[in-house]
Amino acid sequence: MYAQVIVDVPTMQTNQPYTYHIPSLFSEALIRGMRVVVPFGKGNRLVQGFVTDISDTTDQPDKLKDISQIVELEPVLNDELLQLATWVADYNFAFRISVFQTMLPNVMRARYSKVLRLIEPNELNHLPQIQALFADRDEVPFDVDNVDMTLVPTLLKLQKKRIIEIGYVVNNRAKVKKINAFKPIKSVDFYQEQRQQLRPSAVKQARLLSYLMQSPQTFVPVKEVIKSYQLDYAVLKQAEGKGWIVQKPLESYRIPKLSTPVKNSQPLTLNAEQQEAYIAIANNISENDTKTFLLEGVTGSGKTEIYLQAIAKALSEGQTALMLVPEITLTPQMVRRVKSRFGDDVAVMHSGLSDGERYDEWRRIQRSEVHVVVGARSAVFAPLKNIGLIIIDEEHESSYKQDENPRYHARDVAQWRANFHHATLVLGSATPSLESRARAQKNVYHLLTLEHRATNGMLPETQVVDMREAIKHGGDDIFSPQLIEAIQNRLTKQEQIVLMLNRRGYANFLVCRECGFTPRCINCDVALTVHKDISRLVCHYCGYSETIPTKCKNCGSTRIRQFGSGTQKVAEQLSEQIPQARVIRMDVDTTRRKGSTDQLLTAFGNHEADILLGTQMIAKGLDFANVTLVGVLNADTTLSLPDFRASERTFQLLTQVSGRAGRGDKPGKVIMQTFNPDHYAIQLARQQDYEAFYHQEMALRHAWKYTPYYFTIQIKFAHEKIDESAKAAYEIANWLKNIIDNETIMLGPATGTIPRIKNKYYYRLVIKYRHDEKLIQALGSLIKKGQQLQKQGITIIIDREPINFM
DNA sequence: AGCACGCCGACT
DNA sequence: GTCGGCGTGCTC
């Protein structure tokens, strides 16, 4: 028997499986999709691999090596996921091994280590240092911490002489958590008798015996009983010794907990619009028809309730459901809502989990112990079987696209899985991506619209404030008088306020008033951002930081001015101008710690603060009935980005954040401060008119030949030297020119928007095409070439349908 | 990554 | 004539 194995060798990736011989010992147990350990290369060093196929013949039976080990008894990838991995790898020009690694919990990624084994101990007599290293052991770890690197040449010589050998070890980090449990093994009468014989002072033993008389006959965790019956470990140990009970370690799941307990909830009554959308989705679930719905509903229109009832429908059909939500910000809130409806039948998967929690949630799904999965992007690979429904909430969110290899889009993966399972796919958003909305236009997707808020509330009234005017009349560039007045008005009414600005840190950057010098990052071509709380200038691209200078480094002047304002500075200004307001600041800096997002939001929900001030992470999903005012301090920062999606992003962000206002029975108001009051993205966001925006933006995309009229691919080249990176870019561009279709458009090569990041210089190439099979094939071969170029220090990144043009 | 092969210069 | 420098290429 022979197995096809995709091996995990860092830096030597290939999509080609290697054939291994299956020793007869494993021939029964080995199944496709399992992890194995195989010898690889001249030194037969051991690496992890995934079995993608098993066959009983091979065309090269002589030179094959044996599989060394099977990692676990169950396959970690089923046939669906194996097929999906191949598709994801090919579609995104990635390697299958890296797809396997993204599909599986982190702990399944092998860690490799080396050991030194002593073969001929007597040969070391004249080498005291080596003897000391082994110190009577015959195997020691071989790494920097353990072995003095100056000994390495000697060790290599000894290895040649077969006095010692270097062994490779594959460490499996997937560990199951065990807790101690026990159960009674004697009769109730026996315990009764023992109890009567106890001396009166043996209180704890007496308590244990009373417990045992009425305890269940199954294993119960030791810890729980000790706590509720005030016992201790010693008593149980003693009881075990006397043969009263047996103890054994029991497998236990690490289930992620929310900061506060989840209350149960019941389905809400749907209004007419919701009902119509729900029926369409529910009927499709019953019919097991592969269909994609685009649920376009204004903010607050009750999309989540439709999702929950649709999930219930899938469950009632005996099927499972997968729901994707954007990364962490709103995950706790959404997880809470789903768990409140489906309880323990829900597994969650997002980046906030520890490795152990993630592994255990994955196993609960794998073992079909849960039927509902809620999670961020990578949850789209959850090993659910018999999927009836996949939901992607806020489908326009850019976090659904992974910005490292494999650069997959969760929407594409979801579509593939929906096809595979004949499942219903629901894409929901108040502001769908143009791609999705255009597909609905062409009837590829079925459009369902919700035009009204679920609670009959009105959409908030929106006012655009021209900051050029505000400044002309002597105002500052952070708060217009209109906004200050509105904030004060809500404070007196005990109502809450959400303020968004798109910039973390304190000030944007420093400028010397004498010479115009701005401190820049030493690794990247960007200005450093002032962070006042830690008194440092910080690079938001690589994390480099330095102290805030008091004198200009260029001319020595002390006249340094801070330009622009970040969340820190605005929070400070706010406490000066409106001292009575209690403010919660929410940005990457205050939410870095695990669970802090949930904590901050819970505090705001309990009205422990009046104002929630944050970056765009607060724009999405928040649902607080008492928020009646939303202020956008700089509505246009995202507009000036050099990206064809800048208008779309701005429109989505403004619409989303506006939707935070007036979700309860009190009317909401939105104030947008901008220097571009007439821009269509801002004007149409003010009117909350998605359809008008869609039509206007589509016309521009058509004129400029961009998505969704054309497909795009971006190729990036990075090298420490600028001319090397340019050379690679031009070489590849010239090669591609001769291959691509006549109608395909190639832009560049040009330097990246930020030419240097983390000391690497970037060049890029943007390709726009409609149908170009040759191009796709060429790029498939380019990833092989990329492996060779990597050795010369050149990194090639191929990004299909890129979301960021950097 | 890591190991072998191979082709060239410095040395016993 | 041999040892060892690291450039190149392959790994079932």
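The values are calculated or read from the model by the stated rules, or taken from the named source; none is laboratory data. No experiment lies behind these values; they were computed from the predicted model shown. Heads up, the Cβs are rebuilt from the backbone with ideal geometry, glycines too, and the neighbour counts pull from every protein chain shown.
Whenever a residue of the stretch A:713-740 is in contact (Cβ under 8 Å) with a residue 40 or more places away in the chain and under 21 Å from A:ALA94 (Cα atoms), its partners that are surrounded by fewer than 21 Cβ atoms within 10 Å (Cβ to Cβ) and small (Gly, Ala, Ser), lying with C-beta atoms within less than 6 angstrom and at least six residues away or across chains, give the pairs A:HIS719/A:GLY793.
Filtering the stretch A:233-284 to residues that are of a type in the set (Ser, Thr, Tyr) and either farther than 26 Å from A:HIS350 by Cβ or out of contact with any Lys or Arg (no Cβ under 7 Å at 6 or more places or on another chain) (or both) leaves A:TYR233, A:SER259, A:THR260, A:THR269, A:TYR278. Of all residues in the stretch A:260-284, those satisfying the criterion of being under 30 Å from the mean Cα position of the chain (by Cα), under 18 Å from A:GLY343 (Cβ atoms) and surrounded by 13 or more Cβ atoms within 10 Å (Cβ to Cβ) are A:VAL262, A:SER265. If you go through the stretch A:333-354 and keep only what is modelled with pLDDT of 90 or more and on the phi < 0 side of the Ramachandran plot, you end up with A:ARG337, A:VAL338, A:LYS339, A:SER340, A:ARG341, A:PHE342, A:ASP344, A:ASP345, A:VAL346, A:ALA347, A:VAL348, A:MET349.
Is it fair to say A:GLN656 is out of contact with any Ser or Thr (no Cβ under 6 Å at 6 or more places or on another chain), in contact (Cβ under 8 Å) with a residue 40 or more places away in the chain and surrounded by fewer than 21 Cβ atoms within 10 Å (Cβ to Cβ)? Here the answer is no, as A:GLN656 does not meet what is asked.
Conditions tested, residue by residue: (1) more than 30 Å from A:GLY375 (Cα to Cα); (2) modelled with pLDDT under 90.
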position: A:PRO249; (1), (2): yes, yes
position: A:PRO256; (1), (2): no, yes
position: A:SER259; (1), (2): no, yes
position: A:LYS263; (1), (2): no, yes
position: A:GLU276; (1), (2): no, no
position: A:ALA280; (1), (2): no, no
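For the stretch A:10-20, a residue qualifies if it is buried (at least 17 other Cβ atoms within 10 Å of the Cβ) and within 8 Å of DNA strand C (Cβ to nearest atom), and the qualifying residues are A:PRO17, A:THR19, A:TYR20.
This table checks each residue for (1) of a type outside the set (D, E, K, R); (2) at positive phi; (3) at pLDDT 95 or above; (4) part of a helix (DSSP H, G or I).
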residue: A:SER399; (1), (2), (3), (4): yes, no, no, yes
residue: A:VAL413; (1), (2), (3), (4): yes, no, yes, yes
residue: A:PHE420; (1), (2), (3), (4): yes, no, yes, yes
residue: A:ARG437; (1), (2), (3), (4): no, no, yes, yes
residue: A:ALA440; (1), (2), (3), (4): yes, no, yes, yes
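Where strands (runs of 3 or more DSSP E) fall wholly inside the stretch A:1-114, the ranges with 3 or more residues that are more than 16 Å from DNA strand B (Cβ to nearest atom) are A:2-7, A:18-21, A:45-55. One residue stands out in the stretch A:21-43 among those that are exposed (fewer than 12 other Cβ atoms within 10 Å of the Cβ) and among the hydrophobic types (A, V, I, L, M, F, W, C): the one that is farthest from DNA strand C (Cβ to nearest atom), namely A:ALA29.
Evaluation of A:SER480 against the conditions (1) touching a residue at least 60 places away in the same chain (Cβ under 8 Å); (2) surrounded by fewer than 14 Cβ atoms within 10 Å (Cβ to Cβ) shows that the sole unmet condition is (2). Of all residues in the stretch A:194-246, those satisfying the criterion of being among the aliphatic types (A, V, I, L, M) and part of a loop (DSSP other than H, G, I, E, B) are A:LEU198, A:ALA202, A:LEU231. Residue pairs whose Cβ atoms lie under 7 Å apart, sitting 6 or more positions apart in sequence or on different chains, and linking a residue in the stretch A:126-153 that is under 20 Å from A:VAL169 (Cβ atoms) to a partner that is of a type in the set (D, E, K, R), are A:ASP138/A:ARG117; A:GLU139/A:ARG117; A:PHE142/A:LYS114; A:ASP143/A:LYS114.
A single entry from A:VAL140, A:VAL147, A:VAL107, A:VAL169 fulfils the requirement of being surrounded by 13 or more Cβ atoms within 10 Å (Cβ to Cβ), modelled with pLDDT under 80, away from DNA strand C (no atom under 16 Å from the Cβ) and not charged (D, E, K, R): A:VAL147. Kindly establish whether A:VAL444 is surrounded by fewer than 22 Cβ atoms within 10 Å (Cβ to Cβ) and not in a helix (DSSP H, G or I). Against the criterion (surrounded by fewer than 22 Cβ atoms within 10 Å (Cβ to Cβ) and not in a helix (DSSP H, G or I)), A:VAL444 qualifies.
Residue by residue through the stretch A:521-537, note down the ones that are assigned to a loop (DSSP other than H, G, I, E, B) and touching a Leu at 6+ places or on another chain (Cβ under 8 Å). A:CYS521, A:LEU528 - these are the residues of the stretch A:521-537 that are assigned to a loop (DSSP other than H, G, I, E, B) and touching a Leu at 6+ places or on another chain (Cβ under 8 Å). All conditions but one from (1) touching a helix residue (DSSP H, G or I) at 6+ places or on another chain (Cβ under 7 Å); (2) under 21 Å from A:TYR18 (Cβ atoms); (3) not aromatic (Phe, Trp, Tyr) apply to A:LEU118; the one that does not is (2).
The set of residues in the stretch A:688-714 that are part of a loop (DSSP other than H, G, I, E, B) and in contact with a strand residue (DSSP E or B) (Cβ under 6 Å, 6 or more places away or on another chain) comprises A:LYS705, A:TYR710. Looking at A:LEU81, A:LEU46, just one residue is among the aliphatic types (A, V, I, L, M), under 30 Å from A:THR712 (Cα atoms) and either within 13 Å of DNA strand C (Cβ to nearest atom) or at pLDDT 95 or above (or both), and that residue is A:LEU81. Scanning the stretch A:458-477 for residues that are in contact (Cβ under 8 Å) with a residue 24 or more places away in the chain, assigned to a helix (DSSP H, G or I) and of a type in the set (A, V, I, L, M, F, W, C) gives A:MET467, A:ALA470. Here A:THR455 clears all of (1) over 27 Å from A:GLY566 (Cα atoms); (2) part of a strand (DSSP E or B); (3) more than 28 Å from the chain's Cα centre (by Cα) except the condition numbered (2).
Restricting to the stretch A:189-210, name every residue that is without any contact (Cβ under 8 Å) to a residue 40 or more places away in the chain and touching a Ser or Thr at 6+ places or on another chain (Cβ under 9 Å). The answer is A:ARG195, and nothing else.
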